[in-house]
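Notes to accompany the following structure.
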Amino acid sequence: MAEEIDPKKLAEEIAETKKAKHIEFGLIQQVLSRELRNSKNRKEIVKNVKSKLYQVSGAYRNDNLDYSTLKEKLADVTPETPLDELKVVCREIMHTHASTRERSGILDELYGEIFRDMPQPKTICDLACGLNPFSIPWMPLEPGFRYEAFDLFSDMSDLLNCFFEKRGIDGQASQANLLYGMPGGPYDLAFLFKVIPCLEQIDKYGGRHILNQLSYNARYAAVSFPGASLSGKEKGMPRNYEVHFMNIVDQDAWEIRKVKFPTELVFIMKSKVFYE
């Protein structure tokens, strides 16, 4: 006789494991619910849930790192810390996460392109942000901006809030599952870096849905895709991602400009349907 499985209890057990400990609980329940429809074998279900969570949220992350310890690197950061010194600290922290480590070599060029043709943004959101808010020192922002960051991991959000507080940034980092919808808004600018392939691991329409919501909730957006695999192989990824992106984005809702970097394919977009 097959073991009867209590979904909530099993989700709580998975949430206590090392790799899932800090993940937004709703995502664990969401992935588990799907696996329960595919199998009744508890061991197989748990294995598949952990595997999917890794594909969706953990591929770029160093699970052997205690992100709370990174707060120590912020010990001497203040609103008065010189920009050059701040960049050294931020770059060191960003190098602990694969996605921002890949981006660290193009920060000046990336943000120069993103901010080139837009009015100075006052409200910014960073969706599935990872450690990207530590690249704020490279952004040509004027004082008085508001920065809202959203990620699946609570320990990353805690670290970011420490950074915002130490630097005197008007910012807030929170846990959020983008498959539930666009959090907050409206915003002048939204970042959606390397997120769509992850969303589509669970919901094949997830990228299409979040892009549609963004068009009404953000005046401008910067959306990116990986330029190569984590092993460094391109495998035709930029071209494939470009074709996919153009298939899922509503081109009547956005003005789109493409910029290709060695590590990242970026689409800089202006909404045609944004409303306050």
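The values are calculated or read from the model by the stated rules, or taken from the named source; none is laboratory data. Quick caveat: nothing in here was measured; it's all calculated off a predicted structure. Positions of Cβ are backbone-derived with ideal geometry, glycine not excepted, and every protein chain shown enters the neighbour counts.
Have a look at Gly207, Gly227 and point out the one that is more than 15 Å from the chain's Cα centre (by Cα) and crowded, with 18+ Cβ neighbours inside 10 Å. Full working, then the answer.
Numbers: Gly207 fails: more than 15 Å from the chain's Cα centre (by Cα).
Step by step, each of Gly207, Gly227 is checked, and only Gly227 is more than 15 Å from the chain's Cα centre (by Cα) and crowded, with 18+ Cβ neighbours inside 10 Å.
For region 92-129, which positions are among the small types (Gly, Ala, Ser) and over 22 Å from Ala75 (Cβ atoms)? Break it down stepwise before answering.
The first filter runs over region 92-129 and keeps only residues among the small types (Gly, Ala, Ser), leaving 98-99, 104-105, 112, 128.
Hits for region 92-129 are Ala98, Ser99, Gly105, Gly112, Ala128.
Got a number for residues in region 136-174 being touching a Cys at 6+ places or on another chain (Cβ under 7 Å) and not acidic (Asp, Glu)?
In the first step, residues of region 136-174 are kept if they are touching a Cys at 6+ places or on another chain (Cβ under 7 Å); the result is 137, 148-151.
Cutting the leftovers down to not acidic (Asp, Glu) gives us 137, 149-150.
Qualifying residue count, region 136-174: 3.
Among the residues in region 29-48, are any of a type in the set (Asp, Glu), farther than 25 Å from Phe267 by Cβ and under 20 Å from the mean Cα position of the chain (by Cα)? If you could, list the steps in order and put the result at the bottom.
Pass one, region 29-48, residues of a type in the set (Asp, Glu): 35, 44.
From what is left, the residues that are farther than 25 Å from Phe267 by Cβ are 35, 44.
Adding the requirement that they be under 20 Å from the mean Cα position of the chain (by Cα) leaves none.
Checked against the condition, which is being of a type in the set (Asp, Glu), farther than 25 Å from Phe267 by Cβ and under 20 Å from the mean Cα position of the chain (by Cα), region 29-48 yields no hits at all.
Consider region 145-177. How many of its residues are assigned to a loop (DSSP other than H, G, I, E, B), under 23 Å from Val88 (Cβ atoms) and either touching a Lys or Arg at 6+ places or on another chain (Cβ under 8 Å) or of a type in the set (Asp, Glu) (or both)? Spell out how you get there, then give the answer.
As a first pass, look at region 145-177 and keep what is assigned to a loop (DSSP other than H, G, I, E, B): 145, 152, 168-170, 176-177.
Adding the requirement that they be under 23 Å from Val88 (Cβ atoms) leaves 145, 168-169.
Right, trim to either touching a Lys or Arg at 6+ places or on another chain (Cβ under 8 Å) or of a type in the set (Asp, Glu) (or both) and you get 145.
Of the residues in region 145-177, 1 are assigned to a loop (DSSP other than H, G, I, E, B), under 23 Å from Val88 (Cβ atoms) and either touching a Lys or Arg at 6+ places or on another chain (Cβ under 8 Å) or of a type in the set (Asp, Glu) (or both).
Would you confirm, using the coordinates I've provided, whether Ala176 is within 14 Å of the chain's Cα centre (by Cα) and farther than 25 Å from Pro140 by Cα?
On the way: within 14 Å of the chain's Cα centre (by Cα): yes; farther than 25 Å from Pro140 by Cα: yes.
The answer is yes for Ala176.
Quick check on Ser51: is it of a type in the set (Ser, Thr, Tyr), more than 26 Å from Pro226 (Cβ to Cβ) and outside the structural domain of Arg103 (by TED's automatic domain parsing)?
Working: of a type in the set (Ser, Thr, Tyr): yes; more than 26 Å from Pro226 (Cβ to Cβ): no; outside the structural domain of Arg103 (by TED's automatic domain parsing): yes.
It is false that Ser51 is of a type in the set (Ser, Thr, Tyr), more than 26 Å from Pro226 (Cβ to Cβ) and outside the structural domain of Arg103 (by TED's automatic domain parsing).
Residues of region 134-150 being out of contact with any helix residue (DSSP H, G or I) (no Cβ under 6 Å at 6 or more places or on another chain) and surrounded by 19 or more Cβ atoms within 10 Å (Cβ to Cβ), which ones? Walk me through how you get there before you give the answer.
First, the residues of region 134-150 that are out of contact with any helix residue (DSSP H, G or I) (no Cβ under 6 Å at 6 or more places or on another chain): 136, 141-148, 150.
Answer for region 134-150, where residues must be out of contact with any helix residue (DSSP H, G or I) (no Cβ under 6 Å at 6 or more places or on another chain) and surrounded by 19 or more Cβ atoms within 10 Å (Cβ to Cβ): Ile136, Tyr147, Glu148, Phe150.
Please find, among Ala253, Ala228, the residue that is assigned by TED's automatic domain parsing to the domain that holds Thr123 and either in contact with a strand residue (DSSP E or B) (Cβ under 7 Å, 6 or more places away or on another chain) or modelled with pLDDT of 95 or more (or both). Please lay out each step first, then the result.
Numbers: Ala228 fails: either in contact with a strand residue (DSSP E or B) (Cβ under 7 Å, 6 or more places away or on another chain) or modelled with pLDDT of 95 or more (or both).
Within the list Ala253, Ala228, the selection yields Ala253.
When you go through Asp170, Asp188 one by one, which is the residue that is over 21 Å from Gln30 (Cα atoms) and surrounded by 18 or more Cβ atoms within 10 Å (Cβ to Cβ)? Break it down into steps so the answer makes sense when it comes.
Numbers: Asp170 fails: surrounded by 18 or more Cβ atoms within 10 Å (Cβ to Cβ).
On inspection, the qualifying residue turns out to be Asp188.
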